[in-house]
1. Mind telling me which of Asn215, Asn227, Asn44 comes out most flexible in a GNM of the chain, alpha-carbon contacts under 10 Å?
2. Report, in debye and to the nearest 20, how large the dipole of segment 184-333 comes out about its Cα centre when Lys and Arg carry +1 and Asp and Glu carry -1 on their Cβ.
3. Where both residues lie in the chain, what percent of DSSP beta bridges are antiparallel, nearest 5?
4. Go through Lys199/Lys285; Lys118/Lys287; Lys43/Lys85; Lys118/Lys285; Lys111/Lys220; Lys103/Lys325 and tell me which ones have a Cα-Cα distance over 28 Å in this structure.
5. Return the single residue from Met241, Met167, Met107 with maximal mean-square fluctuation; model: Gaussian network over the chain, springs between Cα atoms under 10 Å.
6. Return the aspartates and glutamates within reach of Lys184: Cα separation strictly under 17 angstrom, same-chain partners fewer than 8 residues apart disregarded; answer none if there are no such residues.
7. Go through segment 121-133 residue by residue and turn each phi into a ³J(HN,Hα) via Karplus (6.51, -1.76, 1.60, θ = phi - 60°); whole Hz please, and just put x for glycine and proline.
8. Tell me, what ³J(HN,Hα) does each residue in segment 284-295 have, in order and in whole Hz, if you take phi through Karplus 6.51 cos²θ - 1.76 cosθ + 1.60 with θ = phi - 60° and put x for Gly and Pro?
Amino acid sequence: MFVLPKNPNAELWDGPRTGLEGVKELFGADEAYENTRFIPYLKNVLGSSKHIFMDNYTVPTLLTEAESKLIDTGLKLQTILPLSKVVHELRTIKSKSEIEAMKESGMISSKAFIEAMKWTKPGLTESQLWAKFEYETRVRGSSVLAYVPVIGGGPNALSMHYVRNDMELKDGDLVLVDCGGEYKGYASDITRTWPVNGKFSQPQKELYQAVLNVNKACIKLCREINNMSLHDIHSESVKLMKQELKNIGFNVNIWDIERVLYPHHVGHYLGLDVHDTYDIDRSRKLKENMVITIEPGLYVPFDDKFPKEYQGIGIRIEDNVVIGKDEPYVLTASAPKEIVDIEFCCENNK
Ligand code: GLY
Ligand code: MN
Ligand code: MN
């Protein structure tokens, strides 16, 4: 490992550095050098290496310099292979200790959802709910939120990337909260949707139940023996959604669903990043101890093509799931999602 050397003057201002000895002791590095020796070291090993694995889009100045030195030595650029592909392969299937960290991460954020639901009432702002959620995750040991949350009251939930989170929560509306904390570097990524006043209206209930049915059916598919990929589960979710919508009186085709009502994918890999291992294609068959999200949603615009009573409602239910050989393990099971549980939870603080 190449690290910053100890420097009492710099440490006086910025705090202690691990230094060369610390890096061996703490991280188990076999060899440790000052970071200024990285380029000479790299130049030295170039001649004896067939391939160089490197991501030239990270640490730009250092690597651009290294790259130009490669060219100087006459090595062809195609001998540089992306490091991320190799690392992402290693990250795809989680180890036992990674699963433990992700269980804790999911548990912390799920508990924060319970507290946020209990606390919600008309007149609060989306921003206050954000603060509440962040507080509840941090006091439970989460280091930071894993991403900028989406906290959309009423029709704000129709914008997938709504991150202004600054409007008032209104009586009679739902609020969609997509928020998760990090624990030991591992992200959780949860969405729940609940009524601001604690009680679902009849149309809200019907639309919610449709999404919930799809969420639960998709989670059941998260087993290695099913030999399915994320894309396969997504296709299944679209078919299921079509049936659910038909049951409550929508007359829609697949185009309406995939382009308008449910325009995003059912899920993605999850781990150190929220959208983890982007080098791993979603057509890969799911294997035991991969971790994914399952997050179907419905977002009904103000368009009379769709039944009036559901217009302006946006719902997503997102869970984090460990693929099991025979059974999935839901990391976010303690975040309420059944209608009775949500209403009970909202009732709890009134
Ligand atoms: N929070 C980002 C996502 O659900 O993918
Ligand atoms: Mn999310
Ligand atoms: Mn997600």
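1. Checking each option, the largest mean-square fluctuation is seen for Asn44.
2. That gives a dipole near 320 debye.
3. Bridges in the chain are about 85 percent antiparallel.
4. Over 28 Å apart, Cα to Cα: Lys199/Lys285; Lys118/Lys287; Lys118/Lys285.
5. With Cα springs under 10 Å in the chain, the top fluctuation among Met241, Met167, Met107 is at Met167.
6. Straight-distance partners of Lys184: Glu98, Glu100, Glu104, Glu134, Glu136, Asp273, Asp276.
7. Per-residue couplings from phi come out as 7, x, x, 5, 9, 4, 5, 5, 5, 4, 4, 4, 5 Hz.
8. For segment 284-295, the Karplus-derived couplings read 6, 5, 6, 10, 3, 6, 7, 10, 9, 9, 10, 9 Hz, x marking Gly and Pro.
Bear in mind these aren't lab numbers, they're just calculated from the coordinates by the rules spelled out. For clarity, every value in this text was computed on a predicted model and none was experimentally measured. Here the Cβ is made from the backbone with ideal geometry for all residues, glycine too, and neighbour counts use every protein chain on show.
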